[in-house]
1. Could you pull out the trypsin sites (Lys or Arg not before Pro) across the stretch B:1-89 that fall in loop regions by DSSP (anything but H, G, I, E, B) with no more than 11 other Cβ atoms inside 10 Å?
2. For the protein assembly as shown, what is the accessible area per residue in Å² when the probe is 1.4 Å?
3. So for the pair B:E66, A:L145, with labels modelled 7 Å out along Cα→Cβ, what separation do we get in nm?
4. Hey, any idea what the orientation-averaged projected area of the convex hull of the stretch A:61-188's Cα atoms comes to, in nm²?
5. Using only helices, what value at 222 nm comes out for chain A when you add -39,500 (n - 2.57) per DSSP H run of length 4 or more and divide by the total residues, to the nearest 500 deg cm²/dmol?
6. Starting from a label point 7 Å past Cα on the Cβ side, list the distances from A:Y72 to the same position in the other copies, nm, shortest first.
7. Which angle between 0 and 90 degrees, to the nearest 10, do you get for helix B:172-188 versus the longest principal axis of chain B when only C-alpha atoms count?
8. Name the residue farthest towards the positive end of the dipole of chain A from the options A:V56, A:S126, A:T20, assuming +1 on Cβ of Lys and Arg, -1 on Cβ of Asp and Glu, about the Cα centre.
Number of protein chains: 2
Amino acid sequence: MKKDLRIIKTQESLRHALLTLLKSKPLETITIAELCRLANINRGTFYLHYRDVHGVFKHYLEVIIEDFRQSYEEPYYKTNFHIQNIKADMVKIFHHVKKYQDFYQIIFDERIPMTYYYLLFDTIRSFMKENLDDSPWMGEPNIKLEYLLSYQTNAILGILMEWHRQEYKTSIQELNQQLIAILSINNLFTRG
Amino acid sequence: MKKDLRIIKTQESLRHALLTLLKSKPLETITIAELCRLANINRGTFYLHYRDVHGVFKHYLEVIIEDFRQSYEEPYYKTNFHIQNIKADMVKIFHHVKKYQDFYQIIFDERIPMTYYYLLFDTIRSFMKENLDDSPWMGEPNIKLEYLLSYQTNAILGILMEWHRQEYKTSIQELNQQLIAILSINNLFTRG
DNA sequence: ATTTTTAATGAACAGTTGTTCAATAAAAAT
DNA sequence: ATTTTTATTGAACAACTGTTCATTAAAAAT
């Protein structure tokens with residue numbers, strides 16, 4: 001019932017080769033042919049496992065997302081103040097991105113397809129969804145959760161995008177302060 | 001000092017051919033070769049004007065963005081209530097996307113590179129930046145505008161993404177109501 | 001109207017892509 | 001240990017890519 005050893009070997013070779021190539025050239029310039037040459041895998045075999053180079057990369061991303069999920073689920077002391085819980089959650093996100101900075105640099109690259117962005121989006125969005133249950137405005141009748149979730153999720157991704165553009169120079173502490181400041185400013189949003 | 005007529009003719013042929021092909025197949029599957037065949041342009045000539053098929057598409061997008069800019073700049077009666085001004089601005093964005101729905105369906109496709117997303121992002125972000133001057137929290141000392149702008153811009157793009165995922169079935173009025181509701185909910189954000 | 005400049009063409013090249021198929025080799029099942 | 005199943009290989013194919021270069025044709029400048 002286990003997976004054929006050859007399959008594992010082939011896929012690992014390809015993934016390893018991709019990592020090696022990524023050290024010297026951008027993802028978008030890596031061809032299937034050169035990947036196979038380096039991995040000592042027949043090019044025909046490649047297509048038995050992946051459709052394109054992105055398929056190989058995506059596998060890595062799935063591992064990273066899994067790690068993300070685990071570190072996010074880790075319990076912490078939840079206060080009754082929603083903003084403090086938010087804060088604790090966001091710190092986790094920032095730490096995760098920092099941890100895999102090399103990958104996120106690729107994901108946010110303008111030549112890369114939206115797939116990866118959406119993968120990250122959906123992950124964070126599912127986190128948000130869980131948190132929503134403990135939130136104070138769950139009673140709101142005339143609000144579609146879908147829009148609220150996508151709004152808030154993508155807002156956070158906006159912070160990450162800006163972080164990326166500033167080449168990850170902003171510290172996590174600083175990032176956190178900014179987020180808090182933004183949230184309290186939006187508090188004034190409707191009054192101004 | 002004017003541009004050579006041949007250049008204009010060639011580029012127009014290619015753009016027109018792209019539009020035709022887009023009616024029957026997704027952007028990502030259109031090859032340079034077939035585009036040139038349809039446009040009656042030598043493939044070598046193509047490379048004198050564009051690097052890839054996306055280059056041709058991007059030209060269209062630039063025209064669309066220009067139209068966006070113009071419709072956004074149109075004056076309207078600004079109230080003293082920031083949220084009402086926001087509302088009027090957002091309606092413009094929604095209308096624009098609806099107007100060019102066929103294009104935005106492509107731009108938000110997961111196979112498409114992030115470039116287009118960023119182009120839209122930067123456009124909306126520049127609108128936001130203008131508006132920021134009249135906003136009540138400009139005095140805030142310890143906040144970096146860059147992060148605030150990216151946060152708010154991408155939040156709006158989150159709404160657009162959700163709209164896209166729901167196949168643009170939500171009406172603009174409904175969309176607007178949702179946005180207002182979200183903004184007032186975020187008002188509670190820090191208190192909960 | 002003629003000359004000059006510049007764009008478009010066609011042909012050719014090595015390399016990549018995606019697919020098929022018979023032959024081989026390696027793992028799994030007995 | 002032998003058989004059965006399944007993955008990998010290598011070769012071949014047509015089509016696409018990105019580039020070069022001499023030739024042709026069409027605009028622009030005079």
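The values are calculated or read from the model by the stated rules, or taken from the named source; none is laboratory data. Computed from a prediction, not measured in an experiment: that's the story for all the values here. Cβ: placed from backbone, ideal geometry, glycine included. Neighbour counts: every protein chain shown. Remember, those area values only see protein heavy atoms, side chains included, never the ligands or the DNA or RNA. Shrake-Rupley method; radii C 1.70, N 1.55, O 1.52, S 1.80 Å.
1. Details: sites: B:K2, B:K3, B:R6, B:K9, B:R15, B:K23, B:R37, B:R43, B:R51, B:K58, B:R69, B:K78, B:K87; in loops: B:K2, B:K3, B:K23, B:R51, B:K78.
Answer in residue order: B:K2, B:K3, B:K23, B:R51.
2. Numbers: 19560 Å² over 384 residues.
Normalised by residue count, the accessible surface of the protein assembly as shown is 51 Å².
3. That separation, rounded to one decimal, is 4.5 nm.
4. Details: hull surface 33.7 nm².
Taking a quarter of the hull surface, the average projection is 8.4 nm².
5. Details: 9 runs with 135 residues, N = 192.
Helix contribution divided over all residues of chain A: -23000 deg cm²/dmol.
6. Taking the point 7 Å beyond Cα along Cα→Cβ, the inter-copy spacings are 3.0 nm.
7. 40
8. Final value for the positive-end residue is A:T20.
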